[in-house]
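Colleague: If you scroll down you'll find the structure; I have some questions about it.
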Amino acid sequence: MPPVRRKISPHAAKLRRDRTDAEDRFWQAVRNRRLDGFKFRFQHSLWPYVADFACLEAMLIVELDGGQHSEAEDARRTAFLEAKGFRVLRFGNHDVLENLEGVLAVVAAALAETRA
């Protein structure tokens, strides 16, 4: 049986191809249910936005922000996604590259809250 292909937006496809070092490190740590058994999606399309990492079962989005991010636009995105029921965690690329274990601990704590 051939694999199922999901249609993704061209923007999300480009983001997947051109991932940052921080995104790659975080993805390697959470892919294939490596973080407490939760499934994450990378560059997942949600309404008009593309979330860096989304865990749909926990309604959790993890955004990794580099220097190009606009605080005003990030606030709009976060408000929109929170209105849809998601919790949004934001980390700088530097945080992931310098303290991946700390970032994963924060994300794991947020995931644990969904099981409580």
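Colleague: For the stretch 94-116, which residues satisfy the criterion of being of a type in the set (S, T, N, Q) and at pLDDT 95 or above?
Modeller: First, pick out the residues of the stretch 94-116 that are of a type in the set (S, T, N, Q): 99, 114.
If the condition is that a residue be of a type in the set (S, T, N, Q) and at pLDDT 95 or above, then 99 is the only one that fits.
Colleague: Separate question: Residue 112 fails exactly one of the following numbered conditions: (1) assigned to a helix (DSSP H, G or I); (2) more than 17 Å from residue 33 (Cα to Cα); (3) among the small types (Gly, Ala, Ser). What is the number of that condition?
Modeller: (2)
Colleague: Does residue 26 count as in contact (Cβ under 8 Å) with a residue 12 or more places away in the chain, assigned to a strand (DSSP E or B), aromatic (Phe, Trp, Tyr) and under 19 Å from residue 103 (Cα atoms)?
Modeller: Details: in contact (Cβ under 8 Å) with a residue 12 or more places away in the chain: yes; assigned to a strand (DSSP E or B): no; aromatic (Phe, Trp, Tyr): yes; under 19 Å from residue 103 (Cα atoms): yes.
Spelling it out, it is not the case that residue 26 is in contact (Cβ under 8 Å) with a residue 12 or more places away in the chain, assigned to a strand (DSSP E or B), aromatic (Phe, Trp, Tyr) and under 19 Å from residue 103 (Cα atoms).
Colleague: Starting from residues that are among the charged types (D, E, K, R), touching a residue at least 24 places away in the same chain (Cβ under 8 Å) and not in a loop (DSSP other than H, G, I, E, B), keep the ones in the stretch 63-89 and report whichever is farthest from residue 25 (Cα to Cα). Step through it out loud before you land on a result.
Modeller: Applying the first criterion (among the charged types (D, E, K, R)) to the stretch 63-89 yields 63, 65, 71, 73-74, 76-77, 82, 84, 87.
Checking the rest, the ones that are also touching a residue at least 24 places away in the same chain (Cβ under 8 Å) come to 63, 65, 77, 84, 87.
Filter once more, so that each one left must be not in a loop (DSSP other than H, G, I, E, B): 63, 65, 77, 87.
Values: 63: 13, 65: 14, 77: 24, 87: 22 Å.
The qualifying residue farthest from residue 25 (Cα to Cα) is 77.
Colleague: Can you name the residue in the stretch 56-71 that is within 15 Å of residue 91 (Cβ to Cβ) and either among the charged types (D, E, K, R) or in contact with a Leu (Cβ under 7 Å, 6 or more places away or on another chain) (or both) and, of all such residues, is modelled with the lowest pLDDT?
Modeller: 71
Colleague: Condition test on residue 46, is it surrounded by fewer than 19 Cβ atoms within 10 Å (Cβ to Cβ), touching a strand residue (DSSP E or B) at 6+ places or on another chain (Cβ under 7 Å) and not basic (Lys, Arg)?
Modeller: Values: surrounded by fewer than 19 Cβ atoms within 10 Å (Cβ to Cβ): yes; touching a strand residue (DSSP E or B) at 6+ places or on another chain (Cβ under 7 Å): yes; not basic (Lys, Arg): yes.
So residue 46 fits the description; yes.
Colleague: Residues of the stretch 16-36 being within 18 Å of residue 88 (Cβ to Cβ) and of a type in the set (Val, Ile, Thr), which ones?
Modeller: Scanning the stretch 16-36 gives a single hit, 30.
Colleague: When the residues of the stretch 90-114 are filtered to those that are in contact (Cβ under 8 Å) with a residue 24 or more places away in the chain, more than 11 Å from residue 26 (Cβ to Cβ) and among the hydrophobic types (A, V, I, L, M, F, W, C), which remaining residue is surrounded by the fewest Cβ atoms within 10 Å (Cβ to Cβ)?
Modeller: The selected residue is 112.
Per-residue answers, yes or no, for (1) over 8 Å from the mean Cα position of the chain (by Cα); (2) over 13 Å from residue 90 (Cα atoms):
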| position | (1), (2) |
| --- | --- |
| 38 | yes, yes |
| 43 | no, yes |
| 47 | yes, yes |
| 53 | no, no |
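Colleague: List the number of the failed condition for residue 27; all other conditions in (1) surrounded by 18 or more Cβ atoms within 10 Å (Cβ to Cβ); (2) in contact with a helix residue (DSSP H, G or I) (Cβ under 7 Å, 6 or more places away or on another chain) hold.
Modeller: (2)
The values are calculated or read from the model by the stated rules, or taken from the named source; none is laboratory data. All values reported here derive from a predicted model rather than from experimental measurement. Cβ atoms come from the backbone with ideal geometry, glycine included; neighbour counts cover every protein chain shown.
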